[in-house]
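To start, the structure itself, in structure tokens.
The values are calculated or read from the model by the stated rules, or taken from the named source; none is laboratory data. Because the structure is a prediction, the values reported are computed rather than measured. Cβ: placed from backbone, ideal geometry, glycine included. Neighbour counts: every protein chain shown. Heads up: the accessible areas ignore ligands, DNA and RNA and are worked out on the full protein's heavy atoms, side chains in. Shrake-Rupley method; radii C 1.70, N 1.55, O 1.52, S 1.80 Å.
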Amino acid sequence: MPVIPIALITTGLLGNLLLVLLLIGDATAPGRVPLVVAAVLAIGGGALMLGGLRLLEPRRPGRLDHTS
């Protein structure tokens with residue numbers, strides 16, 4: 001079972017959920033979440049999920065050359 005890719009995807013998802021909760025809380029009390037924190041959470045969560053998905057997908061062989 002691929003534990004590391006699933007852990008990366010889960011961590012990225014939890015980071016994005018934390019960002020959503022922080023931004024919803026910021027809507028009721030503006031100015032609590034700095035823009036830098038929101039940007040780091042968004043970019044970090046997306047990068048973790050993409051990295052996990054890249055590790056989870058099987059590798060494709062190189063392109064075949066059909067010129068014969």
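Using the alpha-carbon atoms, what tilt in degrees (0 to 90, nearest 10) does helix 3-28 show relative to the longest principal axis of the chain? It is inclined by approximately 30 degrees. Loop-located trypsin sites (Lys or Arg not before Pro) in the chain (DSSP state not H, G, I, E or B) with no more than 12 neighbouring Cβ atoms inside 10 Å: R32, R59, R63. In whole percent, how big is the carbon plus sulfur part of the accessible area of the chain, probe 1.4 Å, protein atoms only? C and S atoms contribute 72 percent here.
The orientation-averaged projection of the convex hull spanning the C-alpha atoms of the chain amounts to 7.0 square nanometres.
How far, in degrees from 0 to 90, does helix 35-56 lean away from the longest principal axis of the Cα atoms of the chain, to the nearest 10? Helix 35-56 and the main axis of the chain meet at about 30 degrees. Contact order, relative form, for the chain: 51 percent (alpha carbon pairs under 8 Å, 6 or more residues apart, mean separation divided by residue count).
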